[in-house]
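*Asks:* Submitted below is the structure of interest, expressed as structure tokens.
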Amino acid sequence: MNHAGLLGALTLAVLAPAQPRGVDAAPRVLQGHRGSVLGVSFSPDGKALASCSRDRTIKLWGVAAGELRRTLTEHTADVYDVTYSPKGDLLASASADRTVRLWDARTGKPVRVLKGHTDIVGSVAFSPDQATLASCGVDRTVRLWDVRTGKLRRRLEGHTKRVKSLAYSPDGGTLASASSDETVRLWDARTGRLVRVLRGHTGDLECVAFSPDGRQLATSSHDTTVRLWDAGTGKVRHVLEGHRAEVDSVTFSPDGRTVASGCKDLSIKLWDAQSGALRQTLTGPKNRLESLAYSPDGKTLASGSGGPESLVWLWPVATLPK
């Protein structure tokens, strides 16, 4: 076993936590970051997990054993987001150093640096066909890049405050952007045309996610709520209330039946995506929940927690009631 693998094994042995509330089995905990874990992403095959942090690094973990495989250190400031490409061969990352970086997901070697943003880059998202990478940031813009060449294809403007989160619809036709201006904007991903503006939140938006069938959008906000929207009409279907602080992250399960939200109130809540009913509350982390991601098989929910904890938690959500 290499040193990284040994460290990962020792970490799991030492940091297997007491069983938190809300699960039938204790989650596993991955330690290694020295700053808040702002983003987590599973590889398409579910065998690897990428995490990024305010410690300026990206870490690649083996999911089965929880071993640290590689640490990527090219960014020079906080790394706000990391995501695997649909094919699993690339990673994209967004940073406060104003760059987007593409990495070889297998080797961890840098592939390309995308420059153009004039302030912090907060989120990145691959189009489903992997031809385009979208990025957004504090400069209030959304930018679309050619993945193969790294050239800027299009710049989308309209938000009046920083843009925090991006998500492509499963068919690749729509790009959603969520902003501190309290709106979600839906763009035609091919032309850049603004299709619709969603209003209703009363605080900064933090995160946006499409359901697997593309029919719903979930958003989270500083107003302590999660909202579920009809993606076709832009109408609110449900307002999910129960969190007691800003909700930093939201995501759908792969089967589309559950919405998970992570909050500054130290809890993760699992909601029924159709009825909006609260199904489960997970507690255990001692610091705010910064990021969430489901594994492709839906059996594990990864969360990243803030400093000084700075941990990745792997929750065995397969045991939750259906």
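The values are calculated or read from the model by the stated rules, or taken from the named source; none is laboratory data. The structure presented is a predicted model; accordingly, all values stated were derived computationally and were not measured. Cβ coordinates were reconstructed from backbone atoms using ideal geometry, including for glycine residues, and neighbour counts include every protein chain displayed.
*Asks:* Considering only the stretch 70-141, give the strands (runs of 3 or more DSSP E) lying wholly within it that have at least 2 residues that are touching a residue at least 40 places away in the same chain (Cβ under 8 Å). Please lay out each step first, then the result.
*Replies:* Values: elements: 79-84, 90-95, 99-104, 110-115, 121-126, 132-137.
It comes to 79-84, 90-95, 99-104, 121-126, 132-137.
*Asks:* Looking at Val138, Val113, Val124, which one is crowded, with 17+ Cβ neighbours inside 10 Å, out of contact with any Leu (no Cβ under 7 Å at 6 or more places or on another chain) and modelled with pLDDT of 95 or more?
*Replies:* Working: Val113 fails: crowded, with 17+ Cβ neighbours inside 10 Å; Val124 fails: out of contact with any Leu (no Cβ under 7 Å at 6 or more places or on another chain).
Just one listed residue meets the conditions, Val138.
*Asks:* Quick one: which residue in Thr71, Thr99, Thr83 is within 28 Å of Leu30 (Cα to Cα) and either within 15 Å of the chain's Cα centre (by Cα) or of a type in the set (A, V, I, L, M) (or both)?
*Replies:* Working: Thr71 fails: either within 15 Å of the chain's Cα centre (by Cα) or of a type in the set (A, V, I, L, M) (or both); Thr99 fails: either within 15 Å of the chain's Cα centre (by Cα) or of a type in the set (A, V, I, L, M) (or both).
On inspection, the qualifying residue turns out to be Thr83.
*Asks:* Quick check on Lys164: is it at pLDDT 95 or above and closer than 27 Å to Leu205 by Cβ? Lay out the reasoning, then the answer.
*Replies:* Numbers: at pLDDT 95 or above: yes; closer than 27 Å to Leu205 by Cβ: yes.
Criteria met by Lys164.
*Asks:* Which pairs have Cβ atoms under 9 Å, sit 6 or more apart or on different chains, and link a residue in the stretch 144-155 that is without any contact (Cβ under 8 Å) to a residue 40 or more places away in the chain and at negative phi to one that is loosely packed, with under 13 Cβ neighbours inside 10 Å and of a type in the set (Ser, Thr, Tyr)?
*Replies:* Pairs that qualify, where the first residue is without any contact (Cβ under 8 Å) to a residue 40 or more places away in the chain and at negative phi and the partner is loosely packed, with under 13 Cβ neighbours inside 10 Å and of a type in the set (Ser, Thr, Tyr), are Arg154/Thr191.
*Asks:* Read through the list (1) at pLDDT 95 or above; (2) surrounded by fewer than 21 Cβ atoms within 10 Å (Cβ to Cβ), then give the number of the only condition that Gly22 fails.
*Replies:* With respect to (1) at pLDDT 95 or above; (2) surrounded by fewer than 21 Cβ atoms within 10 Å (Cβ to Cβ), Gly22 is out only on (1).
*Asks:* Would you check if Ser169 is under 18 Å from Ser123 (Cβ atoms), within 21 Å of the chain's Cα centre (by Cα) and in contact (Cβ under 8 Å) with a residue 60 or more places away in the chain? Can you show your working first?
*Replies:* Numbers: under 18 Å from Ser123 (Cβ atoms): yes; within 21 Å of the chain's Cα centre (by Cα): yes; in contact (Cβ under 8 Å) with a residue 60 or more places away in the chain: yes.
Here the answer is yes, as Ser169 does meet what is asked.
*Asks:* I would also like to ask the following. Would you check which residues across the stretch 231-255 are under 22 Å from Val82 (Cα atoms) and buried (at least 17 other Cβ atoms within 10 Å of the Cβ) and list them? Before you say what the answer is, go through the steps one by one.
*Replies:* Initial filter on the stretch 231-255 (under 22 Å from Val82 (Cα atoms)): 246-254.
Passing the criteria: Glu246, Val247, Asp248, Ser249, Val250, Thr251, Phe252, Ser253.
*Asks:* Collect the residues in the stretch 87-111 that are touching a strand residue (DSSP E or B) at 6+ places or on another chain (Cβ under 6 Å) and under 15 Å from Val40 (Cα atoms), keeping them in residue-number order.
*Replies:* Leu90, Leu91, Ala92, Ser93, Ala94, Ser95, Ala105
*Asks:* So which residues in the stretch 142-163 are acidic (Asp, Glu) and part of a loop (DSSP other than H, G, I, E, B)?
*Replies:* First, pick out the residues of the stretch 142-163 that are acidic (Asp, Glu): 146, 157.
Matches in the stretch 142-163: Glu157 only.
*Asks:* Let me ask you something else. In the stretch 191-221, what count of residues is obtained for those that are without any contact (Cβ under 8 Å) to a residue 40 or more places away in the chain and within 30 Å of Pro296 (Cβ to Cβ)?
*Replies:* Of the stretch 191-221, the ones without any contact (Cβ under 8 Å) to a residue 40 or more places away in the chain are 191, 193-202, 215, 221.
Right, trim to within 30 Å of Pro296 (Cβ to Cβ) and you get 195-196, 198, 201, 215, 221.
Number satisfying all stated conditions: 6.
*Asks:* Kindly indicate whether Ala176 is touching a residue at least 60 places away in the same chain (Cβ under 8 Å), under 16 Å from Pro128 (Cβ atoms) and small (Gly, Ala, Ser). Talk me through it step by step, then tell me what you get.
*Replies:* Working: touching a residue at least 60 places away in the same chain (Cβ under 8 Å): no; under 16 Å from Pro128 (Cβ atoms): yes; small (Gly, Ala, Ser): yes.
Considered against the rule, which asks whether it is touching a residue at least 60 places away in the same chain (Cβ under 8 Å), under 16 Å from Pro128 (Cβ atoms) and small (Gly, Ala, Ser), Ala176 comes out as no.
*Asks:* When you go through (1) closer than 23 Å to Val82 by Cα; (2) out of contact with any helix residue (DSSP H, G or I) (no Cβ under 7 Å at 6 or more places or on another chain) one by one for Lys299, which number turns out not to apply?
*Replies:* Against the list (1) closer than 23 Å to Val82 by Cα; (2) out of contact with any helix residue (DSSP H, G or I) (no Cβ under 7 Å at 6 or more places or on another chain), Lys299 comes up short only on (2).
*Asks:* Ok, one more. When only residues in the stretch 258-296 that are charged (D, E, K, R), out of contact with any strand residue (DSSP E or B) (no Cβ under 6 Å at 6 or more places or on another chain) and over 14 Å from Leu240 (Cβ atoms) count, which is surrounded by the most Cβ atoms within 10 Å (Cβ to Cβ)? Break it down into steps so the answer makes sense when it comes.
*Replies:* Residues of the stretch 258-296 charged (D, E, K, R): 264-265, 269, 272, 279, 286, 288, 290.
Imposing the further condition that a residue be out of contact with any strand residue (DSSP E or B) (no Cβ under 6 Å at 6 or more places or on another chain) reduces the set to 264-265, 286, 288.
Restricting the remaining residues to those that are over 14 Å from Leu240 (Cβ atoms) gives 264, 286, 288.
On the way: Lys264: 19, Lys286: 11, Arg288: 21.
Restricting to residues being charged (D, E, K, R), out of contact with any strand residue (DSSP E or B) (no Cβ under 6 Å at 6 or more places or on another chain) and over 14 Å from Leu240 (Cβ atoms), the top hit is Arg288.
This table checks each residue for (1) assigned to a loop (DSSP other than H, G, I, E, B); (2) touching a Ser or Thr at 6+ places or on another chain (Cβ under 8 Å).
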site: Ala260; (1), (2): no, yes
site: Ile268; (1), (2): no, yes
site: Gly276; (1), (2): yes, no
site: Pro285; (1), (2): yes, yes
site: Ser291; (1), (2): no, yes
site: Gly304; (1), (2): no, yes
